[in-house]
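Read-outs throughout are calculated quantities, based only on the coordinates presented, and are distinct from any laboratory measurement. All of these numbers come straight from a predicted model, not from anything done at the bench. All Cβ positions, even for glycine, are placed from backbone atoms using ideal geometry, and neighbour counts span all protein chains on display.
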Amino acid sequence: MELRENRDIKFAGFFIRFLAFFLDSIIIAAIVLAFVLFFPLWAHIFPELFSYIPGPFSSNSIGGYLFDFMIRILILFLAIQFIYITILEGSSLQGTFGKVLLNLKVIDNSGNRIPFFRSLIRGLGAVASLLSVGIGYLLILFSEDKQGLPDILAGTYVIHPESINENKTAKNISGTVLIMGIVSIVLFPTFMLLTLPTMIDINSPHDASGHIVKPKYVGVAVGKPDINQIKIDYPGGKDADSLVNLHSIIIDRNGNKQEIWFKPQGNENVIPVGSNITISGSFSESPTQVEVYAIFSDGQSPLIYKRTF
């Protein structure tokens, strides 16, 4: 290989790359926490999107919901890591912020900056390496050229700090981003305490008098696929075993009201998790207001969703 013939090139080993990964993980974790902090707000603004990304292990127990939450966090971490690696390692930095701080670079077989498609493959390789419980990265220990799974898949190499000149501007930027990440993680509990009341206020349904009501937990998302349809999705909730009806009211700009009762099917006593109903009509004129009320087996019927298209 061309790189092996260059004695000035030294491949970065496992431990310095692990340190770079650790620094990158701090930055990615800070981004994840930012998403978590405003998760209810994003779900409120984009209900259709969030209704299609449920956790894979729905449960009515606290432990099940905690596990479900952790799965969502892991998926979010992997998604951000993929984007993070793909953008930065294919950029002029030739590495993530963690790599830049340690003076590492990602190069191709000729020692040049890698193109976008290779950084894309490296991103996928990094995700696969984490999902394999780090085995993809452990390959670095046994490779002559210190290649992990991302390097092998993309045909790339990570070279040692002694092989390249230091880029002070890039290191300053990377250092600033890392410090911001650390500060964000440290202050996360404070941010959560300050913003939680606001988020609850935004996302909690209100009754006709404007007072916040406290419904049982039931997830509902309403979308408008086209001008002739309103779609209501019921992804589930911890009270799924007692939801016996969804009362939907659609009001157009002229005040015409259409009421739909979303009931159990067949011999079921409750609405099955993952159910959906499409309401047909002429909804081309705005605004069209949609209200959804949950009716449980014990007779409660609070407003749980209200949106104007």
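Obtain the nm distance between the two label points defined at LEU19 and PHE116 by a simple spin-label model: each point lies 7 Å from its Cα along the Cα-to-C-beta direction.
3.4
Which far-off residues, 5 or more places away or on another chain, put their amide H under 5 Å from the one on ILE114, with H placed in the peptide plane?
ASP108
Based on Cβ point charges of +1 for Lys and Arg and -1 for Asp and Glu, what charge dipole magnitude is obtained for the stretch 219-308 about its Cα centre, in debye rounded to the nearest 20?
With Lys and Arg at +1 and Asp and Glu at -1, about 220 debye.
Using a basic spin-label model with each label point 7 Å from the Cα along Cα→Cβ, how many nm lie between ILE152 and VAL183?
Once both label points are built, they end up 4.2 nm from each other.
I need the phi-derived Karplus couplings for the stretch 81-88: 6.51 cos²θ - 1.76 cosθ + 1.60, θ = phi - 60°, integer Hz, Gly and Pro marked x.
Per residue, the Karplus-derived 3J(HN,Hα) values read 4, 4, 5, 4, 5, 4, 6, 6 Hz.
Would you pull out the residues with amide H under 5 Å of PHE11's amide H, same chain only if 5 or more places away, H placed 1.01 Å from N?
Those lying under 5 Å, H to H, from PHE11 are HIS160.
Can you figure out the FRET efficiency of ILE87 with LEU141, using R₀ = 25 Å and their beta-carbon distance, to the nearest 0.05?
Plugging the Cβ-Cβ distance into 1/(1 + (r/R0)^6) gives 0.35.
Given points 7 Å out from each Cα along the Cα-Cβ axis, report the THR190 to ASN254 separation in nanometres with one decimal.
Here the modelled spin labels are 5.7 nm apart.
Would you please name the GluC sites (Glu not before Pro) within the stretch 76-162 that are DSSP coil residues with at most 10 other C-beta atoms within 10 Å of their C-beta?
Passing sites in the stretch 76-162 are GLU144.
Output the direction-averaged projected area (hull surface divided by four) of the convex hull of the alpha-carbon atoms of the stretch 219-308, in nm².
Across all orientations, the stretch 219-308 yields a mean hull projection of 5.6 nm².
Could you order the peptides 257-268, 101-112 from most to least packed, using the average number of other C-beta atoms within 10 Å per residue?
101-112, 257-268
At a Förster radius of 41 Å, what calculated FRET efficiency corresponds to the Cβ-Cβ distance of GLN289 and VAL36, to the nearest 0.05?
Result of the calculation: an efficiency of 0.85.
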